[in-house]
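The values are calculated or read from the model by the stated rules, or taken from the named source; none is laboratory data. Worth saying up front: this structure is predicted, and the values here are computed from it rather than measured. Glycine gets a Cβ as well: all are built from the backbone with ideal geometry, and neighbour counts include every protein chain shown.
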Amino acid sequence: MLEAITWAKDFGALGLLALGVLAMASGMVILPRAALSVVGGLTFGPWAVPAIVIGSTLGASLAFVAARHLMRDRLARIVARRPRLRAYLDGISAEGWKVVILLRLGSPCPGTPLSYLAGLTGLRLRVFACATLIGISPPVALYVLLGAAGRAALDGGRPEIGSVQMALLGIGVITTITAAVMVSRAAKARLAV
């Protein structure tokens with residue numbers, strides 16, 4: 001494993017670009033961003049954060065645009081058969097960027113379906129992209145730091161999981177609960193009408 005990490009790190013900026021492209025793919029197909037972030041941290045250290053955040057935001061934005069312009073009819077038919085899903089999407093549309101940020105900070109649902117489904121809402125692309133960028137930055141930073149700590153352990157150093165990492169994890173848990181409550185309330189209100 002160390003040889004593979006060393007090999008990837010030897011590519012320098014080109015390796016970071018490849019990591020960004022993989023992150024972009026993770027925004028369009030279901031690839032675990034957490035695992036990608038840990039490996040990025042192992043390989044490139046903190047430099048992996050901007051590559052993954054920018055790549056993931058671009059991928060999520062492409063999924064959003066594809067859903068809005070290329071797949072809208074098909075996705076709308078799927079959503080039309082599921083009134084609860086429609087109500088949740090209406091809740092996301094009503095709450096806007098706040099819910100997107102919260103869902104990106106920490107959600108049990110993979111981010112890729114959120115990107116496609118958000119294309120069916122009234123959100124503007126720039127609002128969605130900015131909320132995605134803000135929302136995925138803390139968890140990506142946390143996982144990259146965990147990967148960097150793993151690298152320090154492999155190199156014989158003492159890995160340190162500090163209070164910042166623990167705070168980010170706590171924020172992720174709290175925001176997941178907050179987003180679930182906000183979207184559920186908005187969906188229930190729409191279903192009651």
#### Entry: Pair list, Cβ < 8 Å and 6+ apart or interchain, from region 103-116 residues that are at negative phi to residues that are assigned to a loop (DSSP other than H, G, I, E, B) and at pLDDT below 70
114/107
### Task
Give me the pairs, please: first residue somewhere in region 122-142 and over 24 Å from residue 69 (Cβ atoms), second residue anywhere and of a type in the set (S, T, N, Q), beta-carbon distance under 7 Å, and either six or more positions apart or on two chains.
140/37; 142/165
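Conditions tested, residue by residue: (1) at pLDDT below 95; (2) crowded, with 21+ Cβ neighbours inside 10 Å.
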| site | (1), (2) |
| --- | --- |
| 33 | yes, yes |
| 40 | yes, yes |
| 43 | yes, yes |
| 53 | yes, yes |
| 64 | no, yes |
| 70 | yes, no |
| 79 | yes, no |
### Complete set of residues in region 81-121 that are closer than 20 Å to residue 140 by Cα, of a type in the set (A, V, I, L, M, F, W, C) and buried (at least 16 other Cβ atoms within 10 Å of the Cβ)
97, 99, 100, 101, 102, 103, 105, 114
